[in-house]
Amino acid sequence: VCVSLKVREDENNPFYLRSSNSFQTLFENQNGRIRLLQRFNKRSPQLENLRDYRIVQFQSKPNTILLPHHADADFLLFVLSGRAILTLVNNDDRDSYNLHPGDAQRIPAGTTYYLVNPHDHQNLKIIKLAIPVNKPGRYDDFFLSSTQAQQSYLQGFSHNILETSFHSEFEEINRVLFGEEEEQRQQEGVIVELSKEQIRQLSRRAKSSSRKTISSEDEPFNLRSRNPIYSNNFGKFFEITPEKNPQLRDLDIFLSSVDINEGALLLPHFNSKAIVILVINEGDANIELVGIKEQQQKQKQEEEPLEVQRYRAELSEDDVFVIPAAYPFVVNATSNLNFLAFGINAENNQRNFLAGEKDNVVRQIERQVQELAFPGSAQDVERLLKKQRESYFVDAQPQQKEEGSKGRKGPFPSILGALY
């Protein structure tokens, strides 16, 4: 088979969603903001299988709260930086948890919850994977509070229904719950400031999430509480799979958090069945993804070459990149890098590396078949595959080894310092 190569740069890359032009701001004030990533299938037909998933970014200033609300979507919440108090409200009880970087929690559809940033100086940054339950790729937030940003959903009921339900006159209900006559109550939006005393009271009721277990059915779990599954001097790869956590099993999702040192490479590999949504948390990277060029509508001629297509992008903070199942890819960190990955359709997924000493699928092919598959002899192929002594992460600039590692930054002090 004759093979040619096509390259898709950033602007035409269907798998790359740049932060600057791919997010819609749902709410923003002086206390924080909520942003929603565009629908994946609207970005490209090649992302059609992600039509039911959305990415939500939440940021808040110190000493603030995201007011109580629920949504017609399941959420998988992950703390990227800062501290949070997450309260989940049930019919007859509530559970409050102290969350730290690396903590994750499922919020089932219809669960009323609120988020507090109790820190005096540090912003809170959270990423959520949303899985709508009513409409593919679309969900609605239902807030109890009435602000300039939205009405309380209770205001949708008629006056007589509210009067009967609360056994009170509508004037009292309106004054107490909706505050339409008090304009100052209409100016704060859905992210509002808290007093020191309010934070102290809310903090007293919050439980610390367990950093020793990753298998809780209903409590937060920390992605980085166990040893990384891959690790060396160039990077660390933390992951929790559906097989190890019931919350992830219900959603059929894996969670990964990856640190790569500046100048290092996460070796080429592919996932057997999981579609990966990669979100850059800190740093910059170059990514290359290899696929097969989609065929033209016209009938393919026998003499036409099979076209391999390279998709590449320069990624920065908050950028999103989608990696389809079976597509090989590689990540080169151009600064100290941390990214989060949601793996969709994750149960029984297998990660296959194409280079390196361990977990290298190419090295498992029998010598006789290698000799048929490649122009080199079996001895040459074997010698080539054994040259790379590292696994998973390697130095992308080995020629600089003799010069030492002057100027190389330490691995992610802001992240690791908060975790360990």
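Worth pointing out:
- Count of residues meeting criterion [within 26 Å of Ile344 (Cβ to Cβ) and either in contact with a Cys (Cβ under 8 Å, 6 or more places away or on another chain) or open to solvent by less than 30 Å² (accessible area, probe 1.4 Å) (or both)] in the range 42-65: 8
- Verdict on Glu317 being open to solvent by 40 Å² or more (accessible area, probe 1.4 Å), at pLDDT below 95 and not in a strand (DSSP E or B): no
- Look at the range 12-38: where a residue is closer than 25 Å to Val276 by Cβ and of a type in the set (D, E, K, R) and a partner is open to solvent by less than 60 Å² (accessible area, probe 1.4 Å) and assigned to a strand (DSSP E or B), sitting 6+ places away or on another chain with Cβ atoms under 6 Å, you get Arg35/Phe23; Arg35/Gln57.
- Checking each residue in the range 73-92 for being open to solvent by 20 Å² or more (accessible area, probe 1.4 Å) and either touching a residue at least 60 places away in the same chain (Cβ under 8 Å) or at positive phi (or both) picks out Asp74, Ser81.
- Strands (runs of 3 or more DSSP E) contained in the range 59-146 and holding at least 3 residues within 23 Å of Lys207 (Cβ to Cβ) and in the same structural domain as Gln201 (by the TED database): 64-71, 73-81, 84-89, 94-99, 103-107, 112-117, 124-132
- Among the residues of the range 213-271, those that are among the β-branched types (Val, Ile, Thr), at pLDDT 95 or above and either crowded, with 21+ Cβ neighbours inside 10 Å or more than 20 Å from Ala355 (Cα to Cα) (or both) comprise Ile240, Thr241, Ile253, Val258, Ile260.
- Tally, over the range 127-155, of residues that are surrounded by 16 or more Cβ atoms within 10 Å (Cβ to Cβ), of a type in the set (Val, Ile, Thr) and at pLDDT 90 or above: 2
- Within the range 104-126, residues that are under 18 Å from Val279 (Cβ atoms) and among the basic types (Lys, Arg) sit with their Cβ atoms under 8 Å from residues that are open to solvent by 40 Å² or more (accessible area, probe 1.4 Å) and part of a strand (DSSP E or B), at 6+ positions apart or across chains, in these pairs: Lys125/Gln59.
The values are calculated or read from the model by the stated rules, or taken from the named source; none is laboratory data. The structure displayed is predicted, hence computed values, not measured ones. Positions of Cβ are generated from backbone atoms using ideal geometry, with glycine treated the same way; all protein chains shown enter the neighbour counts. Ligands, DNA and RNA are stripped out before the accessible areas are found, and what is left, the full protein with its side chains, is counted by its heavy atoms. Shrake-Rupley method; radii C 1.70, N 1.55, O 1.52, S 1.80 Å.
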